[in-house]
1. Once you order the gyration tensor axes a ≥ b ≥ c over the Cα atoms, which shape class does segment 26-72 get: rounded for a/c under 1.5, otherwise prolate or oblate by comparing a/b with b/c?
2. Return the sequence-ordered ³J(HN,Hα) values of segment 112-123 in whole Hz as given by the Karplus equation 6.51 cos²θ - 1.76 cosθ + 1.60 applied to θ = phi - 60°, using x for Gly and Pro.
3. Treating the beta-carbon of each Lys and Arg as +1 and of each Asp and Glu as -1, no other charges, what is the dipole magnitude of the chain about its Cα centre, to the nearest 20 debye?
4. Bin width 5 Å, alpha-carbon pairs only: give the P(r) of segment 101-224 as whole percents, running from 0 to the bin holding the largest distance.
5. Mind jotting down the distance between the C-alpha centroids of segment 43-80 and segment 116-179, whole Å?
6. Roughly to the nearest percent, how much of the accessible area of the chain is carbon and sulfur, given a 1.4 Å probe?
7. Mind running the shape call on segment 160-226? Use the C-alpha gyration tensor, a ≥ b ≥ c as the square roots of the eigenvalues: rounded below 1.5 for a/c, prolate if a/b tops b/c, oblate otherwise.
8. Note the count of lysine pairs whose C-alpha atoms are less than 26 angstrom apart in the chain, limited to pairs 8 or more residues apart or on different chains.
Amino acid sequence: MKAAPFDYQAPGSIEEACALLADAGGGASVLAGGQTLMPLLALRMSQPFVLLDINKIPTLQGVSRIEGATRIGPMTRQCEALTNDTLAGRLPVLVQALSHVGHHQTRNRGTIGGSIALGEPAAEMPATAVALGAVIEARSVRGVRRIAAEDFYLGPYMTVLEPDELVTAIDYPDWPAGHVTIFREVAQRPGDFALVGLVGALVLESGKITRAGLAWFGMGPTPVKARQAEAALLGQNLDGLDIEGLAALAIADTAPFDDHHATAEYRRTVGRRIFSRTLREALGRKEAA
Ligand SMILES: Cc1cc2nc3c(=O)[nH]c(=O)nc-3n(C[C@H](O)[C@H](O)[C@H](O)COP(=O)(O)OP(=O)(O)OC[C@H]3O[C@@H](n4cnc5c(N)ncnc54)[C@H](O)[C@@H]3O)c2cc1C
């Protein structure tokens, strides 16, 4: 299949891109790594009038430090983020999650911003952004919006982004050095989208949990923040944690679905096991340290 005709534009700056998005009046699609958009174009499941290629905008690329946070440019390739020292030091769970995104080949082109903007419910990066409390910056000719990742997703492939908005940065607030990382996913084959996944981080101070960020992927129409488990973890001492009770609370926030890969019940059962096993291991690591 061949893509339907479109007008191709490749702006060199964010301002130019926003102006072109505004001119397109909702008829444009942004091209980042193309790992999802190109197949959609070829299958004519996406038929924009304008294809706005943002690969030539240098200010959208790279990892940098800002006040109290680490900023990832949306056009940062997944393979680059995977080997980035700042991310390895500051956001180790993001790097761990990234190693499960697609394949070596897809990560060579796929971008962090493309995964964040796409809003695939079983994707690792949107859930990681929700768990770590990231803020997504969206720009248009009308101005700049800073949107909490937990408020960004509305449904499968649906976000609060307006048609004339471009994701221009994703800011991950600092987590203290040595924080506990939590990551596990179950997929049919390496590189497949997860059937069920959990990602997050915990901060321990003198054996007490003082900060918790947890999110599921593949467990609802969007990444799902495990609010009840987060709240229940806060203030708890490591010893005497009711991990099975916490797992039940974490599952209570989810809304998994049946599809040709797995049933909702299967996802809940595996999810409960993932939660308790991963938390035990993560805290065991901490206790042993
Ligand atoms: C075989 C295969 C396996 C995969 N497995 C996984 C997996 O396991 N986990 C996973 O998470 N992903 C997986 N993916 C998806 C892929 O890794 C990318 O994450 C995904 O395609 C999005 O990144 P991209 O840069 O390619 O974006 P594109 O495909 O270029 O864009 C995706 C969507 O986001 C929009 N967009 C992109 N950038 C912006 C921006 N800055 N502002 C506004 N809108 C924007 C585009 O218009 C489009 O609608 C897989 C893909 C393939 C082909």
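1. Here segment 26-72 falls in the prolate category.
2. 5, x, x, 5, 5, 6, 5, x, 5, x, 9, 8
3. Numbers: 27 positive and 31 negative charges, 107 e Å.
Here the chain has a charge dipole of around 520 debye.
4. 2, 11, 20, 21, 19, 14, 8, 4, 1, 0
5. So the two Cα centres are separated by 12 Å.
6. The computed percentage sits at 54.
7. The shape class here is oblate.
8. 4
The values are calculated or read from the model by the stated rules, or taken from the named source; none is laboratory data. Just so it is clear, the model here is predicted, and its values are computed rather than measured. Every residue, glycine as well, gets a Cβ built from its backbone with ideal geometry; the counts of neighbours run over all protein chains shown. The protein model used for the area step is the full one, side chains on, heavy atoms only, and it has no ligands, DNA or RNA in it. Shrake-Rupley method; radii C 1.70, N 1.55, O 1.52, S 1.80 Å.
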